[in-house]
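Here the structure comes first, spelled out in structure tokens, and everything after it is commentary.
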């Protein structure tokens, strides 16, 4: 039986990755909360699409939080999905830059690359039992 380890025992890069993933989860949760507000108070154009987008944001926030928690517990299987989510942020940031939101798109790209790099550092790989 594997003993659960405290996050303070995590190597620095993995700990930072976990905290950044929690931050991403919080940011997406705020977006989901805003979407719920808009769904309840806005004019309904297509309620099915509105509910789907809101649900997608809520699920994304939950998934980011679950992955952060799993990585904090050194679950190696969480690294791949966490990296995939970071890769999914790259085109989002790119299209935000193309759409005139460089102030938001560029930090998203930097954050995604940073978290991805932190997750594949040798110390993170070793801490997750993959190296």
Summing -39500 (n - 2.57) over every DSSP H run of at least 4 in the chain, dividing by its residue total and rounding to the nearest 500, the 222 nm mean residue ellipticity is -26500 deg cm²/dmol
The Cα extents of segment 59-131 along the principal axes, largest first and rounded to whole Å, are 42, 27, 14
Helix 102-120: inclination vs the chain longest Cα principal axis, degrees, rounded to 10, gives 30
For the chain, the Debye formula with one identical point scatterer on each Cα and no solvent gives log10 I(q)/I(0) at q = 0.20, 0.22 Å⁻¹ as -1.12, -1.25
At 37 °C in a medium of viscosity 0.692 mPa s, segment 86-125 has a Stokes-Einstein diffusion coefficient, with Rh taken as the Kirkwood radius over alpha carbon pairs, in µm² per second, of 318
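No value in this document is a laboratory result; all are computed from the given coordinates. Since we're looking at a predicted model, the values are computed, not measured.
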